[in-house]
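The values are calculated or read from the model by the stated rules, or taken from the named source; none is laboratory data. Since the structure is predicted, the reported quantities are computational estimates derived from the model, not experimental observations. Glycine gets a Cβ as well: all are built from the backbone with ideal geometry, and neighbour counts include every protein chain shown.
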Protein chains: 4
Amino acid sequence: MEPVYDLRSDNVGGAAPEILEAIVAANAGTASPYGDDDYTRRMNARFASAFEHDVQVFPLSSGTGSNSIGLAALANPYGAIYCHETAHINTYECGAPEFFMGAKLVGLPGAGFKLAPAALEEALALAGRGNPTRVQPFALNITQPTDFGTLYTVAEIAALCEVAHRHGLRVHMDGARFANAVAALRCSPAELTWRCGVDVLSLGATKNGAINAEAVVVFDRALAQEIPYRMKRGGQVLSKARFVSAQLERYLADDRWLQRARQANTNAAQLASRLTEIPGVTLVAPVEINMLFLRMPDAAVAALDRGPFRYYKLGRDVRFVCRHDQEPDGMDALVRCVREAALS
Amino acid sequence: MEPVYDLRSDNVGGAAPEILEAIVAANAGTASPYGDDDYTRRMNARFASAFEHDVQVFPLSSGTGSNSIGLAALANPYGAIYCHETAHINTYECGAPEFFMGAKLVGLPGAGFKLAPAALEEALALAGRGNPTRVQPFALNITQPTDFGTLYTVAEIAALCEVAHRHGLRVHMDGARFANAVAALRCSPAELTWRCGVDVLSLGATKNGAINAEAVVVFDRALAQEIPYRMKRGGQVLSKARFVSAQLERYLADDRWLQRARQANTNAAQLASRLTEIPGVTLVAPVEINMLFLRMPDAAVAALDRGPFRYYKLGRDVRFVCRHDQEPDGMDALVRCVREAALS
Amino acid sequence: MEPVYDLRSDNVGGAAPEILEAIVAANAGTASPYGDDDYTRRMNARFASAFEHDVQVFPLSSGTGSNSIGLAALANPYGAIYCHETAHINTYECGAPEFFMGAKLVGLPGAGFKLAPAALEEALALAGRGNPTRVQPFALNITQPTDFGTLYTVAEIAALCEVAHRHGLRVHMDGARFANAVAALRCSPAELTWRCGVDVLSLGATKNGAINAEAVVVFDRALAQEIPYRMKRGGQVLSKARFVSAQLERYLADDRWLQRARQANTNAAQLASRLTEIPGVTLVAPVEINMLFLRMPDAAVAALDRGPFRYYKLGRDVRFVCRHDQEPDGMDALVRCVREAALS
Amino acid sequence: MEPVYDLRSDNVGGAAPEILEAIVAANAGTASPYGDDDYTRRMNARFASAFEHDVQVFPLSSGTGSNSIGLAALANPYGAIYCHETAHINTYECGAPEFFMGAKLVGLPGAGFKLAPAALEEALALAGRGNPTRVQPFALNITQPTDFGTLYTVAEIAALCEVAHRHGLRVHMDGARFANAVAALRCSPAELTWRCGVDVLSLGATKNGAINAEAVVVFDRALAQEIPYRMKRGGQVLSKARFVSAQLERYLADDRWLQRARQANTNAAQLASRLTEIPGVTLVAPVEINMLFLRMPDAAVAALDRGPFRYYKLGRDVRFVCRHDQEPDGMDALVRCVREAALS
């Protein structure tokens, strides 16, 4: 069978070896169900260490579930949750956050697919606090990295959180590709989250070497109290939670999660560099993590569609997402395919 | 470390060897996310074969999610879903079914923790069809086995489904311990489901050797159409669904799922037999699968609490659930502990 | 046209003269919309005076809306609200309370269609506080009078509230026929509500001489804060609220609301007395307000169905509800009709 | 007491004389509750005549409730409802439509506060039909007139409905000021609704001389079937519905509703004409009905705030809404106040 080079998303890849080993190791003996087990407790301790903070961590299997639970811990049913209009929670979760919260997402525009503090400030000034005909501001969502592969700097996050907190909003970070952000910004998990004001983080490990392993990480103990009930009511509690907790514990146990993320980022940077040398190929968004958004000649797109490549189109643009273990042959073939079509 | 004998639930156990192997094997190469992959297609074919019927199967990680999605496929927001008052969906899912459906559960009493056709018939006669002040009957839930370890016979299920269908209700079966039912009743999966009128089955594999692997099995193609959207909105879609589908495919691939269920049932029967020989120990419910509900002298309960045993209490009663790999030493020790306390 | 005697419900009647006058009077000039008007402020003051307590009162048009808003102010989305299994909110509101609350009603049995403190105590003891698989107790609903026309004494309400408060539950009273209860018990509005522990009252005026005028009366200021938002989100805020507030203000302005209620109660008592003298006619529930539930010979029911009477049947029983302006001719005719049929 | 001139909204006014008379007349005798009465049947017939079409009409008291019920009849819980980003349902109903539908509003930009067919077409092309990660298009909302007082022509509505229906969407019209639109466009109710493709109309009478009287008007009988249940569940069913139905029947019984709307529109046109003659006063939106949005010198705004005027500000702009019975003295005084401040 001819190889297929898949650049659709980082979730088409498998599990890292040590993650699989952790699953196998967790199979020994019995354990309490529903997260009341030693694997989960060790995982929580691991997160506390990695984030240098007291944290309450809830393991689950779905990224959409993780965002929805993290947001629901912050929001009231008549609340408004502010996000960028292209935020994943606003576009690709089929209304799950609204379903779990009973609240309304308010999408704001912003350059680079990012919210700007001034735009948030202005939106909040016009939000109609105390007017019962208006949904009331409760929380801010920051998608880091964004769905278009751009990054907020630590300073940008701090500035957004400052505005949010000054207006009484709590802050949720959608970190489906948290590893790629930490790797690219060369900062610590703490610097990217609670130190600049994030209250709840939905951290994804699935796209970076785990198997359906996500975590709601709560930096304020008071916010964690309702989460077990909201998770159960939302079908997010895992019967054998130990098998997710064991993955998450192993995930943060050493530097490999960041090594993988760095490699994926590097693959994307190199692919971008090689593709943009080709006439007619331009970046739609800066390449800051492992995602590329490109515009290219129609002939090149047609050629890609004939080749052994899988990728997504967004209107006229193409999207490539690189995994840490992206096949070098595949990337070479892709560059060759685009170059030949563009030059012919 | 002294051994602990855990009889709280069958979900305290681990994964069967071949299930773990299936996970490891599924780690080769890339695969489409969200269930659009070959593992999921093979799993669907396996279920079609095992159930001798065209089926649409949706893999997920949570039993509560599986029940909620299966029910939501059947119910309208102003609907009434009939179930036994002790049904798991009515008692131990923190309102998840109502949350996903937007409908109301109507719990009916019934001997043996089971619904009786006549009671359902009577409830439906008084339900106020067409009266907008009343929630409107939409579906019937049959929990098989019940939460108290009792079983509906195939004829009993058929009789309930006949009443339900005659009144325009669809039928959902909560099969969290479906294997134990099939093993105990010595019938085929088909006989226990669509052949007697079940429209949607929530089949659990987690309690019988899988890792967070559940399936919504739809026997009527029309009912399956909305499920992908409802799953996404409910945070039930798995990014790397192949790892759940691979388990489910392997689960039904040979007879081992039933062997394990039979062994678990046998363990419970033997434990019941030995314990009820002890003066003062009586069954609260018949032992038909791998669960025992017993009343025993206070001294025996106190002795159990001092020993290396884990189990649940329900008011004055105690509950033991046996796994297929329940430690024989543990069962011996438990019988000894109760006998000595009861006789002293 | 031959007269029709309607005993279906007290909401088949019209408005009292002074209530209509209040509507007409409120039509002078302009007023702020949405309840921010002087009519509403005067109404609030009137309620404070009538209830001898600081109260926050919210005018609305629907009794179901009033119950749902009053309950939603007390409940969390994973909450359990305890009520009698025959409570109106549990049987005749098509799931509205659950819709507004996102919570679950737990219906308990109880003699006389009333909750007993011991039954509530026992249910709460088994409720699984802190167990995320269980909906968590948040509130108690007392339907006073009950849907079967029975009454809680002040002492009974106090005892229920004591149990509820001791377990951390807030108390909601469904007072759709509050006037009939106050009239029958010869107590003050205060004695029947906050003095014995009621936190929120849904007071209905519609069944006793008003036009779609209901009030959510909150006795604890903290509970009132979310109500304006929940009302707006639930479509319960009235654009020209002054026309409801003016009714409610007038309603409590003098003794006529109680005079009407007393007369309705008296009508029912006399009707009961006359009917139960007839052989074969027996009361199903004691007649404590303006409602009668009777069992009577089939011939009598058949005769009623041929006559100019309107009433409801509940299974084998018949229900009559008396208005304050129930036509004496109609009651005479009804007694005559039943007597002749029963004796023939 | 000095007069106050209130230009905040048309709902600060009272009821038209014939509407009040209709309420008083409806007080005779008894009537079935919940809309099963002759007043409601006559009202339905009146609407059928006025709209020249078989219609199902549901009376209610809240405009927000009317929009929410009308939309919920069209939408699925994972649905997307397209509207202009400034649509009332998207901005001033505190999330009620989402609450009733369980679906998501998708706000689109558009000149003149109106949706353009091309923009809708483009949005639908990118909506991801059949992709479970995306909310699925179900309905279109047209707010006619818009919240900024602009109007869609009949041709514009027809063009939007054509796009919507071609993509399988149903169309809801928010007609809170339907009378003003009909009056301004000099078309018939039929021409503005079903003849150009509207499936459900939420018609408001409250802002044009009625008392909390709104109607959900359904032009396709199949869409009406669920509405009674959804209304009851949403607390929108009125116990004494006859008093709303009687208003609605009288409202459409002759030409007075349009006379009032025409007068209100004329008042606004004249006020706009006089104000825009003043230097520094400009229109923010064209004046097509009874609403004016103006930008004016700060000194003029300050002067208005000192005078006996009530009006709303939206950021830097001011909004005036004229009633049919707007006081001429008040409009003169307002013009004088602005002119003097602007010229000083």
**Asked** Is it the case that some residue within the stretch D:178-197 is of a type in the set (Asp, Glu) and touching a residue at least 40 places away in the same chain (Cβ under 8 Å)?
**Response** no
**Identity of the residue in the stretch B:8-17, in a helix (DSSP H, G or I) and buried (at least 16 other Cβ atoms within 10 Å of the Cβ), that ends up farthest from the other protein chains (Cβ to nearest Cβ)** = B:Asp10
**Request:** Restricting attention to the stretch D:12-66, report how many residues are in contact with a Phe, Trp or Tyr (Cβ under 8 Å, 6 or more places away or on another chain) and among the β-branched types (Val, Ile, Thr).
**Result:** 4
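Would you confirm whether any residue within the stretch B:47-56 is at pLDDT 95 or above, within 24 Å of A:Gly209 (Cα to Cα) and of a type outside the set (S, T, N, Q)? Spell out how you get there, then give the answer.
Within the stretch B:47-56, the subset at pLDDT 95 or above is B:47-56.
Filter once more, so that each one left must be within 24 Å of A:Gly209 (Cα to Cα): none.
Scanning the stretch B:47-56 turns up no residue that is at pLDDT 95 or above, within 24 Å of A:Gly209 (Cα to Cα) and of a type outside the set (S, T, N, Q).
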**Request:** Just give me the residues in the stretch D:311-344 being buried (at least 17 other Cβ atoms within 10 Å of the Cβ) and under 21 Å from the mean Cα position of the chain (by Cα), in sequence order.
**Result:** D:Tyr311, D:Val318, D:Arg319, D:Phe320, D:Val321, D:Cys322, D:Arg323, D:His324, D:Gln326
**Message:** Please verify whether C:Thr86 is under 26 Å from C:Ala116 (Cβ atoms) and either polar (S, T, N, Q) or within 17 Å of the chain's Cα centre (by Cα) (or both), treating the condition exactly as stated.
**Reply:** yes
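Looking only at the stretch A:143-171, which residues are over 26 Å from A:Arg295 (Cα atoms) and in contact with an Asp or Glu (Cβ under 7 Å, 6 or more places away or on another chain)? Please lay out each step first, then the result.
Here is the first cut: in the stretch A:143-171, the ones over 26 Å from A:Arg295 (Cα atoms) are A:154-171.
If the condition is that a residue be over 26 Å from A:Arg295 (Cα atoms) and in contact with an Asp or Glu (Cβ under 7 Å, 6 or more places away or on another chain), then A:Val154, A:Val163, A:Arg170, A:Val171 are the ones that fit.
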**Request:** Can you tell me which residue within the stretch C:18-35, out of those that are modelled with pLDDT of 95 or more and surrounded by fewer than 18 Cβ atoms within 10 Å (Cβ to Cβ), is nearest to C:Phe219 (Cα to Cα)?
**Result:** C:Glu18
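Among the residues of the stretch D:171-188, how many are over 24 Å from D:Val12 (Cβ atoms) and crowded, with 24+ Cβ neighbours inside 10 Å? Step through it out loud before you land on a result.
Kept after step one, since they are over 24 Å from D:Val12 (Cβ atoms), are these residues of the stretch D:171-188: D:171-173, D:185-188.
Checking the rest, the ones that are also crowded, with 24+ Cβ neighbours inside 10 Å come to D:171-173.
Of the residues in that region, 3 qualify.
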**Request:** Within the stretch B:10-46, work out how many residues are more than 29 Å from A:Gly35 (Cβ to Cβ) and not basic (Lys, Arg).
**Result:** 8
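Does C:Lys240 satisfy the criteria of being part of a loop (DSSP other than H, G, I, E, B) and either surrounded by fewer than 19 Cβ atoms within 10 Å (Cβ to Cβ) or not hydroxyl-bearing (Ser, Thr, Tyr) (or both)? Talk me through it step by step, then tell me what you get.
Numbers: part of a loop (DSSP other than H, G, I, E, B): yes; either surrounded by fewer than 19 Cβ atoms within 10 Å (Cβ to Cβ) or not hydroxyl-bearing (Ser, Thr, Tyr) (or both): yes.
It is true that C:Lys240 is part of a loop (DSSP other than H, G, I, E, B) and either surrounded by fewer than 19 Cβ atoms within 10 Å (Cβ to Cβ) or not hydroxyl-bearing (Ser, Thr, Tyr) (or both).
Of a type in the set (Phe, Trp, Tyr) and not in a helix (DSSP H, G or I) - does that describe any residue in the stretch C:249-264?
Of the residues in the stretch C:249-264, the ones of a type in the set (Phe, Trp, Tyr) are C:251, C:257.
Those left that are additionally not in a helix (DSSP H, G or I): none.
No, the stretch C:249-264 contains no residue that is of a type in the set (Phe, Trp, Tyr) and not in a helix (DSSP H, G or I).
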**Prompt:** Does at least one position in the stretch C:158-170 carry a residue that is more than 27 Å from B:Pro77 (Cα to Cα), crowded, with 21+ Cβ neighbours inside 10 Å and either touching a Cys at 6+ places or on another chain (Cβ under 6 Å) or modelled with pLDDT under 95 (or both)?
**Reply:** yes
**Checking C:Ala285 against (1) surrounded by 18 or more Cβ atoms within 10 Å (Cβ to Cβ); (2) at pLDDT 95 or above; (3) in contact with a Phe, Trp or Tyr (Cβ under 8 Å, 6 or more places away or on another chain), the condition it does not meet** = (2)
**Complete:** Taking the stretch D:87-142 and the residues there that are more than 17 Å from D:Gly70 (Cβ to Cβ) and in contact (Cβ under 8 Å) with a residue 60 or more places away in the chain, the one that is farthest from the other protein chains (Cβ to nearest Cβ) would be D:Gly112
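Might you check whether a residue that is hydrophobic (A, V, I, L, M, F, W, C), over 21 Å from B:Pro59 (Cβ atoms), within 18 Å of the chain's Cα centre (by Cα) and more than 9 Å from chain B (Cβ to nearest Cβ) occurs anywhere in the stretch A:218-228? Give the steps one after another, and end with the answer.
First pass over the stretch A:218-228, keeping only residues hydrophobic (A, V, I, L, M, F, W, C): A:218-219, A:222-224, A:227.
When the remaining residues are screened for being over 21 Å from B:Pro59 (Cβ atoms), the result is A:218-219, A:222-224, A:227.
When the remaining residues are screened for being within 18 Å of the chain's Cα centre (by Cα), the result is A:218-219.
After this cut, where a residue has to be more than 9 Å from chain B (Cβ to nearest Cβ) as well, the list is A:218-219.
Yes: the stretch A:218-228 contains one or more residues that are hydrophobic (A, V, I, L, M, F, W, C), over 21 Å from B:Pro59 (Cβ atoms), within 18 Å of the chain's Cα centre (by Cα) and more than 9 Å from chain B (Cβ to nearest Cβ).
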**Prompt:** If you check C:Tyr82, C:Tyr5, C:Tyr39, which single one turns out to be of a type outside the set (Gly, Ala, Ser) and touching a Gly at 6+ places or on another chain (Cβ under 7 Å)?
**Reply:** C:Tyr5
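May I ask you to verify whether A:Asp38 is within 14 Å of chain B (Cβ to nearest Cβ) and at negative phi?
yes
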**Message:** It is to be established whether one or more residues within the stretch D:314-326 are farther than 13 Å from D:Gly149 by Cα, part of a helix (DSSP H, G or I) and not hydrophobic (A, V, I, L, M, F, W, C).
**Reply:** no
**Request:** Could you please find all residues in the stretch A:293-306 being surrounded by fewer than 18 Cβ atoms within 10 Å (Cβ to Cβ) and either assigned to a loop (DSSP other than H, G, I, E, B) or β-branched (Val, Ile, Thr) (or both)?
**Result:** A:Pro297
**Request:** Kindly check whether there is at least one residue in the stretch C:70-86 that is touching a Cys at 6+ places or on another chain (Cβ under 7 Å), within 14 Å of chain D (Cβ to nearest Cβ) and closer than 20 Å to C:Arg230 by Cα.
**Result:** no
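Would it be correct to say that D:Ser239 is more than 10 Å from chain C (Cβ to nearest Cβ) and of a type in the set (S, T, N, Q)? Spell out how you get there, then give the answer.
Working: more than 10 Å from chain C (Cβ to nearest Cβ): no; of a type in the set (S, T, N, Q): yes.
Judged against the criteria, D:Ser239 is not a match.
Could you tell me whether any residue of the stretch A:270-287 is part of a helix (DSSP H, G or I) and hydroxyl-bearing (Ser, Thr, Tyr)? Steps first, answer last, please.
First, pick out the residues of the stretch A:270-287 that are part of a helix (DSSP H, G or I): A:270-276.
Still in the running and hydroxyl-bearing (Ser, Thr, Tyr): A:273, A:276.
Among the residues of the stretch A:270-287, at least one is part of a helix (DSSP H, G or I) and hydroxyl-bearing (Ser, Thr, Tyr), which makes the answer yes.
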**Complete:** All-but-one check, D:Glu191 against (1) away from chain C (no Cβ under 11 Å); (2) more than 26 Å from D:Tyr92 (Cα to Cα); (3) buried (at least 24 other Cβ atoms within 10 Å of the Cβ), failing number (3)
**Message:** Suppose we keep only residues that are in a loop (DSSP other than H, G, I, E, B) and closer than 15 Å to C:Leu192 by Cα within the stretch C:51-69. Which one would you say is nearest to the other protein chains (Cβ to nearest Cβ)?
**Reply:** C:Val55
**Prompt:** Can you name the residue in the stretch A:98-115 that is over 23 Å from A:Tyr229 (Cβ atoms) and of a type in the set (Gly, Ala, Ser) and is also surrounded by the most Cβ atoms within 10 Å (Cβ to Cβ) among such residues?
**Reply:** A:Gly107
**Message:** I'd like to check something: does the stretch B:242-261 contain any residue that is more than 14 Å from chain A (Cβ to nearest Cβ) and either at positive phi or among the polar types (S, T, N, Q) (or both)?
**Reply:** yes
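Per-residue answers, yes or no, for (1) within 17 Å of A:Leu248 (Cβ to Cβ); (2) in a helix (DSSP H, G or I); (3) β-branched (Val, Ile, Thr):
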position	(1), (2), (3)
A:Glu2	no, no, no
A:Leu20	yes, yes, no
A:Ala28	no, no, no
A:Ala31	yes, no, no
A:Tyr39	yes, yes, no
**Request:** Considering each of B:Ala48, B:Ala31 in turn, give the residue that is facing another protein chain (nearest Cβ under 7 Å) and either closer than 20 Å to A:Leu20 by Cα or within 23 Å of the chain's Cα centre (by Cα) (or both).
**Result:** B:Ala31
**Complete:** Of (1) of a type in the set (A, V, I, L, M, F, W, C); (2) within 11 Å of another protein chain (Cβ to nearest Cβ); (3) closer than 30 Å to C:Glu21 by Cα, D:Met43 satisfies every one except (2)
